[in-house]
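Values quoted throughout were computed directly from the atomic coordinates according to the rules given, and no laboratory measurement underlies them. Since the structure is predicted, the reported quantities are computational estimates derived from the model, not experimental observations. Cβ placement follows ideal geometry from the backbone for every residue including glycine, while neighbour counts extend to all protein chains displayed.
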Amino acid sequence: MPSHAMAFRNPHWRLGLLLIAILLLVACDQPAEMREEPSDRPVLALTLQSPENMTSRTFSARAEAAERTALAFRVPGQVFSVRADLGDRVIRDEVLARLDDRDYRLKARELEGQLEAAEGQLEEAEVNYRRGQDLVQDGTISRADFDGLRSAFRQAQGRRDATRESLATARAALEDTVLRAPFDAYVARRNIEPHEQVSPERVVFVLDDLDEIELRVGVPETLVVQRDRLIAVDVHFAALGRTYEGRVRAVGVDVDEDTQTYPVRIVVDNTDQSILPGMTARLDFRAGLPESDGQGYFMVPMTAVFDHEGQPHIWIMEEAGESVTRRPVSLGPLERDGVRVRGDLHAGQRVVTAGVQHLREGQTVRVLTEEEMRGARR
């Protein structure tokens, strides 16, 4: 007879197997509330927002400078010097570049001399004209001679005025050989080098004012009809790990033929200059719903809802501590970002959104921090 069969017939073996079976049965029959479960179970949670706010609609966009200016010289010439480089911070009226101004200075000096001569001629003509007024009255000179003096005076005035305007133009051209920053900004592009010949209207610098950042998105008609009820735009930059409050600057009223969306411009304050043009952002639009559409519902993720005794429930974290309690809810509309629920709820309560199937009434939980969540994803 095999040895294991003989061992099974041994009464001591049979007694041991019976005890093991009894222990297994007792463990299986033990109520779930009596089994040992870990305390301070880590969970994810969110805070209930006012039911008057609809769920956010999310879009993606790239940052742009709210004010971008392309600069060009207004006169032609050869570049004498360039004082600003790509990425430099420049202040209002700071010199960016200069042209060789020798020809412009000579022209201005020439016209200054012509103006001085014209003013001398005008002074002489005016003296003759004033004297002629007395002489024509006492008959010393004829009316024809007086008309000649008056005509000479007016011509001298015209020459003086024309020369003065020419000098003002020459001086403006001389000033235009110096290119200055029109406002505090960063150099986004530099398109010139010293000794290079440039022509008017050719863009030589592009400046970005980064105090405000603008983002442009196309939104569907279902959201643009709520434009008067937009209450917030949360702008999240993943590269910075920060979320900014955005403002709706403009909403287009004409649909884009290619995308069938309406253009919307969002502005974000960027006082610390941390947002740079080209950075990608996630935009979450939120708008106030009409009272008839809200009906006291709160938006929660689908992962927050679980079944208990045939009825949907959610876990509410007690305000006095970190324990949880079941709360029955009725389900409302299912939307893109979750489901609306209604019950004995109020804004500001915290709802568990992950791990709901592993909790029990009154269990102590711990909300995961952002650092722990990032570490878990890695």
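With neighbours defined as other Cβ atoms within 10 Å of a residue's Cβ, the residues 308, 346 order from fewest to most as 346, 308.
Taking θ as phi - 60° and the Karplus parameters 6.51, -1.76 and 1.60, the scalar couplings of the stretch 172-181 work out to 5, 5, 5, 5, 6, 6, 10, 9, 10, 6 Hz in sequence order, x denoting glycine and proline. On the basis of the beta-carbon distance and an R0 of 41 Å, residue 280 and residue 95 show a calculated FRET efficiency of 0.70. Relative to the compact-globule estimate of 2.2 N^0.38 Å, the Cα radius of gyration of the stretch 102-175 comes out at 1.46. Across the stretch 108-116, coupling constants 3J(HN,Hα) worked out from phi with the 6.51/-1.76/1.60 Karplus curve, θ = phi - 60°, read 5, 5, 4, 6, 5, x, 5, 5, 4 Hz, and Gly and Pro carry x.
Counted over the stretch 61-102 with a bin width of 5 Å, the fraction of Cα pairs per bin, in whole percents, is 5, 14, 25, 23, 15, 9, 5, 3, 1, 0. If you take all other residues with their beta carbon under 13 Å from the beta carbon of residue 305, and give Lys and Arg +1 and Asp and Glu -1, the sum is +3. Within 9 Å, Cβ to Cβ, of residue 322, how many net charges do the neighbouring residues add up to if Lys/Arg are +1 and Asp/Glu are -1? Local charge sum for residue 322: -1. Neighbours of residue 107 by Cβ distance under 11 Å: Lys/Arg scored +1, Asp/Glu scored -1, total 0.
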